[in-house]
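To keep things clear, I will list the structure first and then write my remarks on it.
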Amino acid sequence: MFQQNYFELFGLPVQFNLNRSDLSSAFRQQQTAHHPDKFAHADDKSQRESLQKSAYINQAYQTLSTPTLRAAYLLELAEGKERREHTMRPDAAFLMQQMMWREQLEEAETLDDIESLIETVRSELPVVETSFVSAYEKQDYELAHHAVDKMQFVYKLVAEAESKEARLLDE
Amino acid sequence: MALLQISEPGQSPDPHQRRRAVGIDLGTTNSLVATVNGALNQTLPDSSGESLLPSIVHYGQDRVSVGRAARDMLAEDSANTIASAKRLMGRGMADAEGLPYDFEPSKDSGLPLFVTRRGNMSPVQVSAEILNVLKSRAEESLGGELNGVVITVPAYFDESQRQATKDAASLAGLKVMRLLNEPTAAAVAYGLDKAEEGTIAVYDLGGGTFDISILHLHKGVFEVLATGGDSSLGGDDFDEAIANWVVEQAGISPSRDEMRQLHALARQVKEVLTEQDSVELDFNGWCTELTRVQFERLIEPLITRTIRSVKRALRDAGLKQDDIDNVVLVGGSTRVPMVREALTSLFGVPPLSSVDPDKVVAIGAAIQADILVGNKPDSDVLLLDVIPLSLGLETMGGLNEKVIHRNTTIPVTRAQEFTTYKDGQTAMMIHVVQGEREMVADNRSLGRFELRGIPPMVAGAAHIRVTFQVDADGLLSVSATEQTSGVEASIVVKPSFGLSDAEISGMIKESFAHAADDKEARSLREMQVEAERMLESVESAIAIDGHLLSEQETHDITAALAALKQVNVEHDEHAIKVQIDRVSHLTEAFAARRMNASIKQALAGHNVNEFE
């Protein structure tokens, strides 16, 4: 099992777009077969093995079910562990965009402000994901890394906006 | 010794011999034991028909008593009558403060011990007494030794609390097959595991604590999506609200004894108002009527607080109210009609109430025990739980580097690489912490251990792989290995010192509130660490290879280092950064010369072939 990559483990094609329900059902199938609860009465060795396998399945599931981790994992598979250090050309337009959103978040005072910002930022995701997929397919890994960074930024900003929203709701 | 029985070939005495398994709800106020008997799930009563065993232990002159007998001694011999030991499981001396007992720290671990006339007792020992009573009750009822038990713990219980619970079980001679989270057990009791798919909220309002958990299940697989709650809010606060109302209305200032009576009266009033619309009450001759409407006005703020926690947990799980398919009630206080109404209006579905909310957790544990012990080999039920708080390591500058984030599904193994900070460093202190905050000091310390025997290398060259493993019970072990030499060290986390439940939930809340401050503190601290690292490495390089520098260069670099030291004690991240860049620029040529010199030295006297 540990020689299989995460996609192989779940019997999925090695690509960014995946079917969530295929992933979930493969995950559950694997856990049903290997979870420590299924070995509660077995010998120590089987219990240890089951613990390691179950942890590996959890790790694989978390990686594949989180888009940024999934994208980074695809690049890791493609480039090997020794990832080349890409000299990143900063994307000036995206930097501007980031600064603008950050300002908007800081200035947002009402729930409506925040919600509309979250919506705007989220709407950027499909764009970034598409650009990742096309860069990855063309094996332009530098561009693909750029897309992963953007994806990370978008998710992080959404998380920050949501925690600001939560604070407002609590007040 | 019993004789071994041999049956006639082909006729084993009982081919379907069931293994004996029970579920135990080791509660703060009451404990229960339950089993699955054929198709029937039931709690096991004592000889007088009572299932609930008060979680109270009395250390008397001649004997130790547990349960109601111990409760009767509360007023008379309070110093030797221990209630709510669960609150101190896996906790430190600091948490014992304010509790009405005498404590002494243990000589070995520093953990608090109750001082009783029968000697000092740890919370683990007290809990073992309770477990012992439940064990005998179960063995009598099932007719023999138990093959295995499942014990429930609150979902937010941390490593040391879980470990302490397991220790208590082994002390009582029980074989624990699994520690199960209480909310998961409650959902299992309703047979929700047999549903195709659904999202469940478990609302647990006990005597002194409130917990909310959001679970998702799909074809028998449970996942805990989020947990939350309020550890200083419970049914006792409802009683308190009634008692305070009486004090106010009657214009009296009751003594401590009267206040205790008043609380008992308030409790009865609350129970009557569950069934009736109003109740006459008489407190030492002062009479009045309390209607359910008035009562509800009194407790409304408390219920609102629980609803706020519910909403927060939903947000943590990334869900909306109408994503919840079922609401499960746990704890006697959920019998209050207003609680049910508030939940019905929040979720749009009435909460499930067919299983007694006092027994639901024990029954769920019994069902799971029956599966784990092997009585239901075809069951496809599988419980996947998560860790309640993030686990991390202390890195340079007192920062918490999270290795496993909270709400990660267990079991989980995760490794992270760290390196040395100083040239020639041969040992490393691994400090394991639990919590959400950026600075280690704001989190809970779980344990420390040392990795020794790292071969001396330049700073940053060693590869130390630290592996965290959390098993299916939520218990953590940590190991560290230096990759090039293979030296290893590890610990299993045991109770060291602790925080109260209130602090745990407080820590999560604070991490939200302080997210912004923390980030600033972190980035300043990171910059300072970077400055220290630079000072350290340039100074040691000058000490070794100073002869490679001209006088002017030495002067410039030394001056820049002094300036860096100066700004580093001030809290200006930008100024530090500027100075770091300056030092780095001034030493570029020096670094190149050192590199060349060391290559020359390495090659001197060797054939090129030797390196192939």
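Values in this text are rule-based calculations from the coordinates and carry no lab data. What you see is a predicted model, and the numbers here were worked out from it, not measured in a lab. Ideal geometry is used to build each Cβ from the backbone, glycine not excepted, and the neighbour counts take in all protein chains shown.
Return a whole-number percent for the relative contact order of chain A, with Cα pairs under 8 Å and 6 or more residues apart as the contact set. Write down the numbers at each step before the final one.
Working: 111 pairs, mean separation 32.4, N = 171.
With pairs under 8 Å counted, the relative contact order is 19 percent.
Using helices alone, what [θ] at 222 nm do you get for chain A, with -39,500 (n - 2.57) per DSSP H run of 4 or more residues, divided over all residues and rounded to the nearest 500? Mind showing how you got there, number by number?
Values: 8 runs with 125 residues, N = 171.
Dividing the helical sum by the residues of chain A leaves -24000 deg cm²/dmol.
Cα-Cα pairs above 29 Å in chain A: how many percent? It would help to have the intermediate numbers written out before the result.
Working: 5578 of 14535 pairs.
In whole percent, the long-distance tail amounts to 38.
Just the Kirkwood number for the range B:57-125, please: inverse of mean 1/r across all distinct Cα pairs, in Å, one decimal. Spell out each step's value before the answer.
Values: mean 1/r = 0.0821 Å⁻¹.
12.2 Å is the Kirkwood radius here.
If the viscosity is 1.002 mPa s and the temperature 20 °C, what translational diffusion coefficient in µm²/s does Stokes-Einstein give for the range B:58-215 when Rh comes from Kirkwood over Cα pairs? List each step's numbers first, then the result.
Working: Rh = 17.4 Å.
For these conditions, the coefficient is 123 µm²/s.
Kirkwood hydrodynamic radius for chain B: how many Å is it when counted over pairs of different Cα atoms?
28.1
Output needed: percent of Cα pairs per 10 Å distance bin for the range B:393-436, bins running from 0 to the one holding the longest distance.
21, 51, 22, 6
Not counting the cut sites, what is the longest span of chain A without trypsin sites (Lys or Arg not before Pro) that DSSP labels loop and that have at most 15 other Cβ atoms within 10 Å?
Working: sites that count: A:K81, A:R83, A:R84, A:K138.
Excluding the exposed sites themselves, the longest stretch runs over A:1-80.
To the nearest 20 Debye, how big is the dipole of the protein assembly as shown about its Cα centre, given +1 on the beta carbon of each Lys and Arg and -1 on that of each Asp and Glu?
Working: 75 positive and 119 negative charges, 390 e Å.
Computed charge dipole of the protein assembly as shown: roughly 1880 debye.
Considering every Cα-Cα pair within the protein assembly as shown, what fraction, in whole percent, is farther apart than 48 Å?
Values: 89047 of 306153 pairs.
Summing the P(r) of the protein assembly as shown above 48 Å gives 29 percent of all pairs.
Thinking of the range B:318-375 as a set of Cα atoms, what percent of all their pairs are more than 17 Å apart? Could you put the intermediate results ahead of the total?
On the way: 824 of 1653 pairs.
Every Cα pair in the range B:318-375 considered, those over 17 Å come to 50 percent.
Anything over 18 Å Cα to Cα? Flag those among B:K270/B:K311; A:K53/B:K376; B:K311/B:K359; B:K86/B:K166, in the order listed. Display every interim value, and only then the final one.
On the way: B:K270/B:K311 26 Å; A:K53/B:K376 23 Å; B:K311/B:K359 26 Å; B:K86/B:K166 13 Å.
Pairs exceeding 18 Å: B:K270/B:K311; A:K53/B:K376; B:K311/B:K359.
What's the Kirkwood radius of the range A:1-100 in Å, using all Cα pairs?
Evaluated on the range A:1-100, it is 15.9 Å.
Considering only DSSP states other than H, G, I, E and B, which GluC sites (Glu not before Pro) in the range B:126-216 qualify as loop sites with at most 16 other Cβ atoms within 10 Å?
Of the GluC sites (Glu not before Pro), the ones in loops of the range B:126-216 whose Cβ has at most 16 other Cβ atoms within 10 Å are B:E145, B:E196.
Listed here are the pairs A:K38/B:K175; B:K422/B:K577; A:K164/B:K320; which of them are more than 19 Å apart at the Cα?
Details: A:K38/B:K175 16 Å; B:K422/B:K577 21 Å; A:K164/B:K320 17 Å.
Listed pairs above 19 Å: B:K422/B:K577.
In percent, how large is the relative contact order of chain B, given Cα pairs closer than 8 Å and 6 or more residues apart? Could the numbers behind the result be given before it?
Details: 1142 pairs, mean separation 80.2, N = 612.
Contact order relative to length: 13 percent.
Assuming a viscosity of 1.002 mPa s and a temperature of 20 °C, what translational diffusion coefficient in µm² per second does Stokes-Einstein assign to the range B:346-480, Rh being the Kirkwood radius over Cα pairs?
Numbers: Rh = 18.1 Å.
Estimated via Stokes-Einstein, D reaches 118 µm²/s.
Bin all alpha-carbon pair distances of the range B:166-302 at 5 Å intervals from 0 and give each bin's fraction as a whole percent.
Values per bin, smallest distances first: 2, 9, 14, 14, 12, 12, 11, 10, 8, 6, 3, 0.
Mind jotting down a quarter of the surface of the convex hull over the alpha carbons of the range B:378-452, in square nanometres, one decimal?
Working: hull surface 26.3 nm².
The number I arrive at for the range B:378-452 is 6.6 nm².
Rounded to whole Å and ordered largest first, report the semi-axes of the equivalent ellipsoid of the range B:188-246 derived from its Cα gyration tensor (root of 5λ).
32, 11, 7
Report, in whole Å, the centroid distance computed from the Cα atoms of the range B:399-450 and the range B:149-169.
Comparing the Cα centres of the range B:399-450 and the range B:149-169, I get a distance of 23 Å.
Take the Cα coordinates of the range B:281-348, assign each an equal point scatterer, and use the Debye formula without solvent to give log10 I(q)/I(0) at q = 0.12, 0.15 Å⁻¹.
-0.42, -0.59
Are there GluC sites (Glu not before Pro) in the range A:56-155 that DSSP puts in a loop and that have at most 16 other Cβ atoms within 10 Å, and which ones? Could the numbers behind the result be given before it?
Working: sites: A:E76, A:E79, A:E82, A:E85, A:E103, A:E106, A:E107, A:E109, A:E115, A:E119, A:E124, A:E129, A:E137, A:E142; in loops: A:E82, A:E85, A:E109, A:E124.
Those that pass, being in a loop and sparsely packed, are A:E82, A:E85, A:E109.
In whole Å, what is the distance between the alpha-carbon centres of the range B:67-107 and the range A:21-55?
Computed from Cα coordinates, the inter-centre distance equals 40 Å.
For chain B, what is the calculated [θ] at 222 nm in deg cm²/dmol (nearest 500), taking -39500 (n - 2.57) for each run of four or more DSSP H residues and dividing by its residue count? All intermediate terms of the calculation are to be shown ahead of the outcome.
On the way: 15 runs with 226 residues, N = 612.
Per the formula, -12000 deg cm²/dmol.
Given B:A541, B:Q425, B:I324, which one lies farthest toward the positive end of the charge dipole of chain B, if we put +1 on the Cβ of every Lys and Arg and -1 on the Cβ of every Asp and Glu?
Towards the positive end, the residue furthest out is B:Q425.
Can you divide the C-alpha Rg of the range B:213-372 by 2.2 N^0.38 Å and report the result to two decimal places?
1.22
Let me check the size of the range B:414-471 from its C-alpha atoms; what are the radius of gyration and Dmax in Å?
Rg, Dmax (Cα atoms, Å): 12.9, 36.
Hey, got the Cα dimensions of the range B:36-150 along the principal axes, in Å, largest first?
Per principal axis, max minus min of the Cα coordinates gives 47, 30, 23 Å.
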